[in-house]
Ligand code: SAH
Ligand code: SF4
Ligand code: F3S
């Protein structure tokens, strides 16, 4: 096969700031922060490293090469990364023979500054340079100088479709689209991932067929704005229709933007044989004034009309969302509208966050005027409401039979396994037979809590 790596020449000069030890211990350890895109980028990095003669360390203690795949979506994610980095830095200063590489969104955003502040880092690769990780390692090993490679391309950061070392035995991610042109006022992603780029339908299908042959039961296609995928005259529905012919049981996609979620997409969700009865559609706020300042390009009414059409086309569809509380200028009335919308919709699950000002973003130029304690109170109120909704919804599932893709044995007890249902709920279940990760199980739900269901494997 032709290596796609050749498409990405290295353009940046070497940053000669210090001298490195030769890389003797070729065991790698990847620490991943952030979204599924980062999780899958780490799987690609692992695959590339395997191909270059590295192997996965059993744990941090025996690793010679560390790669931290970073996220900068909120201050908290960055803080977690810096805590981890500082710990590794101390180990290195204490004499540990380790190579430290940084990838992902903080790497892209901070580049040379990150190295200047942490001179013990050996290399930094940006979000468009995932494919180049082995070349960069080879270069720093030869030249014995740190390297920062954060150039952005107009192409997708394509790696050969068969390289990624996927961490789940049954669920496989495929990147179909990267980057974002939306520039929501709060968000750093367009700056860390660059403009929208789409993989070709052909490459996506090659990878999907390969994964089906490998026995994966579920494919999840990934994009920052996945429903904006378009390539060679094909649109997102064409992509979904093509993927429906692949021999896997389940398909999912994440993350969709409500402004680009068309009626045709909703209708296809009602017809598809493979798409799981689950959709993640971030609404962010229940106030049109806030949505406008967020530059989200839709109103609450438009969002609600997508959901009602969806529930008509596919009854029982589980819908999850993201909410930001305490966006600049958010009043008590705005927040009340958010809780009203959430109560009205009854989301099946929710990721809710306190607004966190982000470098480069438009809202970063505005005063972060909602006090921390007000943000916290709003978040707690919203989460309490959502918890109640989930408790009720989960209770209603008791007695139902759900198909579950098994993630693995539960950490809590033997004979207990954990998995995800088609509606994307965590299902813990008892099985007298050993339930293999990556296989499907039929589970009768016997009990429920706010965040998960409990049941018994059938047969
Ligand atoms: N592409 C996705 C979102 C990616 S970020 C989309 O458009 O929906 C995931 C979530 O993080 C966002 O939906 C938003 O709820 C949250 N988020 C992003 N930036 C944030 C910020 N500055 N402060 C708080 N939450 C933020
Ligand atoms: Fe961020 Fe908005 Fe793009 Fe999503 S659509 S990645 S929230 S800018
Ligand atoms: Fe974080 Fe970058 Fe994903 S900022 S959420 S890792 S796109």
Find how much the distance from residue 165 to residue 456 grows on full extension, using 0.36 nm per residue of separation minus their present alpha carbon separation; answer in nm with one decimal. 101.6 nm
Figure the gain on full extension for residue 302 and residue 79 (residue separation times 0.36 nm, minus the Cα-Cα span) and round it to one decimal in nm. 76.7 nm
What translational diffusion coefficient, to the nearest whole µm²/s, does region 236-340 have by Stokes-Einstein, given a Kirkwood radius computed over alpha-carbon pairs, a temperature of 37 °C and 0.692 mPa s viscosity? 222 µm²/s
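Please report, in cubic angstrom per residue, the volume enclosed by the convex hull of the alpha-carbon atoms of region 48-113.
Values: hull volume 7.1 nm³, N = 66.
Convex hull volume per residue, Cα atoms: 108 Å³.
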So what's the gap between the Cα centers of region 286-311 and region 38-71, to the nearest angstrom? 40 Å
Taking the simple approach of a point 7 Å from Cα along Cα-to-Cβ for both residue 230 and residue 377, what is their distance in nm? 4.6 nm
The relative contact order of region 336-430, taking Cα pairs under 8 Å that sit 6 or more residues apart, comes to a percentage of 20 percent
Taking 7 Å along the Cα-to-C-beta vector as the label spot, tell me the residue 90-residue 272 distance in nanometres, rounded to one decimal. 4.6 nm
Rounded to the nearest 0.05, what FRET efficiency is calculated for residue 52 and residue 392 with R0 set to 51 Å and r the Cβ-Cβ distance? 0.50
Inter-part gap, Cα centre of region 357-428 to Cα centre of region 190-259, in whole angstrom, is 25 Å
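In whole Å and largest first, what semi-axes does the C-alpha gyration tensor of region 136-283 yield when each eigenvalue is scaled by 5 and square-rooted? Let's see the in-between values first.
Values: eigenvalues 164, 89, 34 Å².
Result for region 136-283: semi-axes of 29, 21, 13 Å.
Using the scaling law 2.2 N^0.38 Å as the reference, what is the normalised Cα Rg of region 296-350?
Details: Rg = 12.3 Å, N = 55, 2.2 N^0.38 = 10.1 Å.
Relative to the 2.2 N^0.38 Å estimate, region 296-350 comes out at 1.22.
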Just grab the label-to-label distance for residue 340 and residue 238, each label 7 Å out from Cα along the Cβ direction, in nm (one decimal). 4.3 nm
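Taking every pair of alpha-carbon atoms in the chain, give the share separated by more than 28 Å as a whole percent. Write out the running numbers ahead of the final one.
Numbers: 57906 of 105111 pairs.
When every Cα pair of the chain is considered, 55 percent fall beyond 28 Å.
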Report, in degrees rounded to the nearest 10, the 0 to 90 angle that the Cα long axis of helix 104-117 makes with the longest principal axis of the chain. 40 degrees
For the Cα atoms of the chain, what angle does the longest principal axis make with the long axis of helix 75-93, in degrees from 0 to 90, nearest 10? 30 degrees
So, for the Cα atoms of region 241-290, Rg and Dmax in Å stand at 13.3, 45
Any chance you could list the semi-axes, whole Å, largest first, of the equivalent ellipsoid that the Cα gyration tensor gives for region 118-193, using √(5λ)? 25, 20, 12
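Which order do 351, 33 fall in if you start with the one that has the fewest other Cβ atoms within 10 Å? The partial results should precede the final answer.
Working: 351 13, 33 22.
By the 10 Å Cβ count, ascending: 351, 33.
Just for the chain, what percent of DSSP beta bridges are antiparallel, to the closest 5?
Details: 24 of 68 bridges.
Here the antiparallel bridges make up roughly 35 percent for the chain.
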Using helices alone, what [θ] at 222 nm do you get for the chain, with -39,500 (n - 2.57) per DSSP H run of 4 or more residues, divided over all residues and rounded to the nearest 500? -10500 deg cm²/dmol
Relative contact order of the chain, pairs being alpha-carbon contacts under 8 Å that are 6 or more residues apart, as %: 11 percent
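Extension gain residue 295-residue 322, at 0.36 nm per residue separation less the Cα-Cα distance, in nm? Can you show the working numbers first?
Working: separation 27, 0.36 × 27 = 9.72 nm, distance 1.54 nm.
Stretched out fully, the residue 295 to residue 322 stretch lengthens by 8.2 nm.
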The base-10 log of I(q)/I(0) that the Debye equation returns for region 54-181 at q = 0.13, 0.16 Å⁻¹, one scatterer per C-alpha, is -0.58, -0.90
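FYI, it's all coordinate maths here, none of it is from the lab. Worth saying up front: this structure is predicted, and the values here are computed from it rather than measured. Cβ coordinates were reconstructed from backbone atoms using ideal geometry, including for glycine residues, and neighbour counts include every protein chain displayed.
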